[in-house]
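Everything on this sheet refers to the single structure shown next.
Since every read-out is calculated from the coordinates, none of them should be taken as a lab result. Worth saying up front: this structure is predicted, and the values here are computed from it rather than measured. FYI the Cβ positions are ideal-geometry reconstructions off the backbone, even for glycines, and counts take in every protein chain you see.
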Amino acid sequence: MTQTMTQPGQPRLEVQDLRVRFDTDEGSVLAVNGVSFTLGAGEVLALVGESGCGKSMTAMATLGLLPPTATRTGSIRLEGEEIGGLGQRELRRIRGREISMIFQEPMTSLNPVFTVGHQIGEVLRRHEGMTRKQARARAVELLDLVRIPAAATRIDEYPHQMSGGMRQRVMIAMAVACNPKVLLADEPTTALDVTIQAQILDIMRDLRQELGTSVVMITHDLGVVADIADRVVVMYAGHVAETGTVDAVFANPQHPYTLGLLGSVPRPDLVLADAQDRLTEIPGVVPTLRQPPTACVFAPRCPRADQTCLARMPELTETAPGQRAACVHPGPAEAEQKEAMRV
Amino acid sequence: MSSPQSSSEPVLEVRGLRKYFEVPRSRGGGRVHAVDGVDLTIGTGEVVGLVGESGSGKSTVGKCIVRLLEPSDGEIRLHGQDVSHLPERRLRPLRRQVHMVFQDPYSSLNPRMQIRDVVAEPIRMHGIARGRTARQLVEEMLERVGLPGEMHSRYPHELSGGQRQRVGLARSLVLRPSLLIADEPVSALDVSVQASIINLLLDLQRDLGFSCLFIAHDLATVEFLCNRVAVMYLGRLVEQATREELFKHPRHPYTQSLLSAVPLPDPTLQRQRHRVVLAGDIPSPVNPPPGCRFHTRCPVAELPLCQDSDPQLVDHRRDGHLSACHLVRGDGGAPDVTAPRLATTKIERGADPVHHKA
């Protein structure tokens, strides 16, 4: 078992000015542009935004899982130790053991020709040097930990014999097999029904309680963020648009993009009170950046955009204690929000 | 959405609909009871939501109504006419009345057709109009769904997901059908795009006045969009009521559990809620559980009653709020599975979900 040696005050994971560029035939694409965040022990941090805003790419870059066409700069520190510059061999020792990842579609991440027990055991044999027998016993414990009923018999099943929810549990069991310090979860519940999503979120809550795992949760579902995350990073076009505690960002969103996202989903509590008769649309699409922006990247879709927004890309600035937004005109703007809902 | 107008004759009347699929012997044999006795009525201009987990049979209901599938049993009446077993030739005129929009806008459009031809196809097939009149109908419809003139000569691959779903809506509505079956029309789209398609559907329904069966697993969207909601579990309807009734006073333990599982996008509210987390997965429709189909996952099931006897969908107070549960009392009162005592009950680790009981 890996020892956790976090010193008080030292973050588990610290990402500083992360940048990812892809060189394609049609020129460079800037996928991640100066993303920084920290993740404390046992903390759940949510990365939210539309498709193409760079959330998954941020996670892949953190794990060193980028394709060869990508160039990454910036620092990634795991408990103070720089892992950004490590080679593939050293990274393989860290992946699965210190940091692991779960993906949206468990069927494509599990090998169809091996039993789930074999696949979980492989992680343990490789990283923990366990024997087959030890690994099998531990795999049963792990399946039990993620609440798979009759773990001792289901361990011999193949992925296709399991439902989507069960497969996602197997993925989680594999991911936490070596008790990693950090778990990156990329849309882990998106493909699942709400009842199964609730089960998976409960399991993740327990893991954090029992093992103290820190979690980076990538999602587009603001309900999931409200349910499980402590802090949130709202991403747009590879930039951090807004960040802060979940309570602060939801109660007092400052960036118009955050406001747009919050208004674009039906709110059961508001609908029944007849307080929401229309959803907020964010016109246009997330742009593909080919050059560093000279204006606010969100300006073309922003209801507040004016000349000052076109001068330069705004920096993240503190708007309230523990909350920062990259906007020239931050603020909740009640009137604007109401108007957008009523029109 | 706007309140439905009262009308003597419903647009759609489904009675005792059943659809079974035979499993080939090579794959274990048996019979999938995908839809197993569903009654559903949709009035003029009414928007009815059909919700349930994957595998509940909701899409199969939609496909039977548009007759992409032939029902195994039961009646489907469109404007009074039984269409459940009509041969293809005689279905033709009815295909003007009912149209379907699919979940995946990427695979439901012909990649080799310009979008103006995609939308013109139903007009041509039904011989509604030709030449300039047809072109005008197409252009008017595409404008209506928010696709301006310069887009009309594009091909589907040149469009974004949201734009493709707009084309799908234009094609479905160009003949002004009286009923639209929308099968998860927004679930493949990004959140901000979902919002624009939902708003568009809201506008189109208000302006054109069609009735709609909105099939979805996303309860919040259904709540936002629909006048009435039917909840489906393992091939059966377990509850049906107006939107207000269903979301404010859900009676069936399954509806209550489903509602409590949807996380609210408000951290304060979400963390104060008492939730019930259902154990296990939806059982196999090849061998649905005896008695109440939900009893294996129900946190308040009373054995042996719920295991022995199959509850009927009953309108307890004759107010249009129907539920199929033995525990709902004659006055419509029902156990609350999200009450603190029950909701704090966690699933036992490794517990056999089949016998899990709070």
statement: If B:Lys58, B:Lys63, B:Lys248 are placed from fewest to most neighbouring beta carbons inside 10 Å, the sequence is B:Lys248, B:Lys63, B:Lys58
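I'd like the Kirkwood hydrodynamic radius of the stretch B:204-326, using the inverse of the mean 1/r over distinct C-alpha pairs, in Å.
Values: mean 1/r = 0.0630 Å⁻¹.
So the Kirkwood estimate lands at 15.9 Å.
Which order results if A:His239, B:His252, B:His321 are arranged by neighbouring Cβ count within 10 Å, fewest first?
Numbers: A:His239 25, B:His252 29, B:His321 20.
Fewest-to-most Cβ neighbours within 10 Å comes out as B:His321, A:His239, B:His252.
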message: Restricting to lysines 8 or more places apart or on different chains, can you count the pairs in the protein assembly as shown with Cα atoms under 28 Å from each other?
response: 11
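Over chain B, what is the relative contact order in percent, taking alpha-carbon pairs closer than 8 angstrom and at least six residues apart? Walk me through the numbers before you get to the answer.
On the way: 690 pairs, mean separation 66.0, N = 358.
Across chain B, relative contact order equals 18 percent.
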- request: Take the Cα coordinates of the stretch B:34-137, assign each an equal point scatterer, and use the Debye formula without solvent to give log10 I(q)/I(0) at q = 0.12, 0.17, 0.23, 0.24 Å⁻¹.
  value: -0.54, -1.00, -1.35, -1.39
field: Net charge dipole size for the stretch B:85-183 [Lys, Arg +1 and Asp, Glu -1 on Cβ; Debye, nearest 20]
entry: 480 debye
query: For chain A, modelled as a Gaussian network with Cα springs under 10 Å, which listed residue fluctuates most, A:Gly117, A:Gly52, A:Gly322?
result: A:Gly322
- prompt: Within a Cβ distance under 9 Å of B:Ile282, other residues only, what is the Lys/Arg minus Asp/Glu net charge?
  reply: -2
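Where does each of B:Thr41, A:Thr69, B:Thr60 land when they are ranked from fewest to most other beta-carbon atoms within 10 angstrom?
Numbers: B:Thr41 16, A:Thr69 10, B:Thr60 24.
Ranked by crowding around the Cβ, least crowded first: A:Thr69, B:Thr41, B:Thr60.
Placing unit charges on C-beta atoms (Lys and Arg positive, Asp and Glu negative, everything else neutral), compute the dipole magnitude of the protein assembly as shown about its Cα centre in debye, rounded to 20. Don't jump to the answer; show the numbers that get you there.
On the way: 79 positive and 81 negative charges, 303 e Å.
Using only the charged Cβ atoms, the result is roughly 1460 debye.
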- line: For the stretch A:239-254, Karplus-derived ³J(HN,Hα) couplings (6.51, -1.76, 1.60; θ = phi - 60°; whole Hz; x for glycine and proline) come out as 10, 7, 7, 7, 8, x, 5, 4, 4, 5, 5, 6, 6, 9, x, 9
query: Considering amide H positions built from the backbone, and no H for Pro or chain starts, which residues 5 or more places from A:Leu47, or on another chain, come under 5 Å of its amide H?
result: A:Met217, A:Ile218, A:Thr219, A:Val233
- request: Could you state the angle between the C-alpha long axis of helix B:191-208 and the longest principal axis of the C-alpha atoms of chain B, as a value from 0 to 90 degrees rounded to the nearest 10?
  value: 70 degrees
Principal axis box of the stretch A:1-139, alpha-carbon based, largest edge first, Å: 51, 41, 28
statement: Along the stretch A:218-224, Karplus-curve 3J(HN,Hα) (6.51, -1.76, 1.60; θ = phi - 60°) to the nearest Hz, with x for Gly and Pro, reads 9, 7, 10, 8, 5, x, 5
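So which helices of chain A fit the span-like rule, where a helix is a whole DSSP H run, its Cα atoms reach 24 Å or more along the axis, and its mean Kyte-Doolittle is at least -1.0? Let's see the in-between values first.
On the way: long enough: A:194-211 (25 Å, 0.12).
TM-like helix candidates: A:194-211.
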field: Quarter of Cα convex hull surface for the stretch A:267-314, i.e. mean projection, nm²
entry: 4.8 nm²
query: Over the Cα atoms of the protein assembly as shown, how large are the radius of gyration and the largest Cα-Cα distance (Dmax), in Å?
result: 26.3, 77
- request: Provide, in order from the shortest bin, the percent of all Cα-Cα pairs of the stretch B:12-237 in each 5 Å bin, continuing until the bin that contains the maximum pair distance.
  value: 1, 7, 14, 18, 19, 16, 12, 8, 3, 1, 0, 0
